[in-house]
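Report on the structure given below.
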Amino acid sequence: MKCYYLKMETPPRSIINSPNTKDKLFNTYKTQLACYVWLIEDNFNRPVNRGYLVYTRSKSKLVNVELEEAFKQDVKEKAAAIIRIIDKNQFPKATPYKKRCIECTYRNICIK
């Protein structure tokens, strides 16, 4: 059985259940899109350089997000680091820069 698909880019869409606040793009949203792009590129062997955010609480506003190769590579490296953390069963060291804690997923359980 052959699988046929269009020969065009297939950017992912991520549904965000919050208002679009002053057109600020949170790094966590961009990272999530990069993970979706990674899946599309690996599974369909097609390059994808952008994605869309759909803000459901802002009249379904659609925001185009460009994803640079360096950013996508950084996401892959962070995923590999997470896998190493899980394999070794240990948390990363806390940063001395508290502003970095704002977006960190360990902020509520971190030993500082």
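Each value in this text was obtained by applying a stated rule to the coordinates, not by laboratory testing. In this text the structure is predicted, and so the values were computed from the model without any measurement. Cβ sites come from the backbone with ideal geometry, for glycine too, and all protein chains shown count toward neighbours.
Between ALA94 and ARG57, the distance separating the two model label sites (each 7 Å from Cα on the Cα→Cβ line) works out to 3.0 nm. Among 96-109, 37-50, sorting by the average number of other beta carbon atoms lying within 10 angstrom of each residue, highest first, gives 37-50, 96-109.
Over all other residues within a Cβ to Cβ distance under 14 Å of PRO19, the charged ones net out to +4, with Lys and Arg as +1 and Asp and Glu as -1. Annotation: the antiparallel percentage among DSSP beta bridges lying fully within the chain is about 60. The mean sequence separation of alpha-carbon pairs under 8 Å and at least six residues apart, normalised by the residue count of the chain, gives a relative contact order of 24 percent.
Beyond 23 Å, the tail of the calculated P(r) for the chain holds 44 percent of the Cα pairs.
The residues packed around LYS72, meaning those with a beta-carbon under 13 Å from its beta-carbon, carry a net charge of -3 if Lys and Arg are +1 and Asp and Glu are -1.
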